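*Asks:* Sharing a structure, written as structure tokens. Questions coming.
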Amino acid sequence: MTVRIVELSSRELGDRAHEVLDVYAEAMEVSAATARSRRGILAGHLDREGLRALAALDGERMVGVAYGYLGAPGQWWHDQVHAALTVEQAVDWLADPFEVCELHVRPALHGTGLGRALLAQLLAGTTAHTAVLTTPDSETRARRFYRSGGWVDLRCGLRFPGDPRLFAVLGLRLVSEA
């Protein structure tokens, strides 16, 4: 297996949404129907400022995906997280954030370094000073992955409207402060 990472334009990300959601379903262990219900969310991200998207391809089969964009007030996720943080945290972490929306690798490739390569390449292409994301608030493989990469917990126990699960907000500094 030879996996290559390619950058996707906004249009390519939209055109390959079914593949993105298939990778999501397999990585998150949810049904295809559950994953496909997220199509509207993905479509709403396609015109966001600073959108960067990467696909890991084995031949033409998508085996991993990562995308995010520059967060800003007025965006649903950004506003939810802003309200959940302290004023100091919001000023520090959300003044210039790159919001990692999705990072998924098919389970057969977990532990190969593909997720870390996708994330590093995704973040290397942004001008933001911080990166932020949410992940389920439990000691999952994903949570350990992020922590091992230097991500820190900013807020735990966050509940988004309409979702019974608890989430943790994580942050990573991308540019050191002088």
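*Asks:* Suppose R0 equals 30 Å; then what is the FRET efficiency for residue 33 and residue 175 from their Cβ-Cβ distance, rounded to the nearest 0.05? Present the calculation step by step, with values, prior to reporting the outcome.
*Replies:* On the way: r = 41 Å, r/R0 = 1.35.
Plugging the Cβ-Cβ distance into 1/(1 + (r/R0)^6) gives 0.15.
*Asks:* Using the heavy atoms of the protein chains and a 1.4 angstrom probe, tell me the accessible area per residue for the range 1-145 in square angstrom.
*Replies:* 48
*Asks:* Then there is this: Under a 5 Å amide H to amide H cut-off, with H placed in plane at 1.01 Å, what residues pair with residue 135 once short-range neighbours are removed?
*Replies:* Placed amide hydrogens put 168, 170 under 5 Å from residue 135.
*Asks:* Then there is this: Run lengths n ≥ 4 of DSSP H only: what is the helix-derived mean residue ellipticity at 222 nm for the chain, with -39500 (n - 2.57) per run over all residues, to the nearest 500?
*Replies:* Computed mean residue ellipticity for the chain: -10000 deg cm²/dmol.
*Asks:* Taking the Cα centre of the range 1-121 as origin, work out the dipole magnitude from +1 charges on Lys and Arg Cβ and -1 charges on Asp and Glu Cβ, in debye rounded to 20.
*Replies:* Taking the Cα centre of the range 1-121 as origin, the dipole is about 340 debye.
*Asks:* Counting other Cβ atoms within 10 Å of each Cβ, which GluC sites (Glu not before Pro) in the range 51-146 have at most 15 and sit in a DSSP loop?
*Replies:* Hits after loop and neighbour filter: 60, 139.
*Asks:* Positive end of the charge dipole of the chain (Lys, Arg +1 and Asp, Glu -1 on Cβ, about the Cα centre): tell me which of 13, 110, 171 has its Cα farthest that way.
*Replies:* The listed residue farthest towards the positive side: 110.
*Asks:* Of the listed values (1) 119; (2) 107; (3) 162, grab the one calculated as volume of the Cα convex hull per residue in Å³ from the structure here.
*Replies:* So the calculated entry is the one marked (1).
*Asks:* Sticking with this one: Rounded to whole Hz and in sequence order, give me ³J(HN,Hα) for the range 28-43 from the Karplus expression 6.51 cos²θ - 1.76 cosθ + 1.60, θ = phi - 60°, writing x for Gly and Pro.
*Replies:* 8, 6, 10, 5, 4, 5, 4, 4, 5, 5, 8, 4, x, 5, 4, 4
*Asks:* Here is a further query. Give me a comma-separated list of calculated 3J(HN,Hα) values for the range 78-89, in order, Karplus coefficients 6.51, -1.76, 1.60 applied at θ = phi - 60°, integers in Hz, x for any Gly or Pro.
*Replies:* 4, 5, 5, 5, 4, 5, 7, 8, 5, 4, 5, 5
The values are calculated or read from the model by the stated rules, or taken from the named source; none is laboratory data. Computed from a predicted structure; not experimentally measured. Quick reminder, even Gly has a Cβ in these numbers, built from the backbone with ideal geometry, and neighbours come from all protein chains shown. These accessible areas exclude ligands, DNA and RNA; they are computed on the full protein's heavy atoms, side chains included. Shrake-Rupley method; radii C 1.70, N 1.55, O 1.52, S 1.80 Å.
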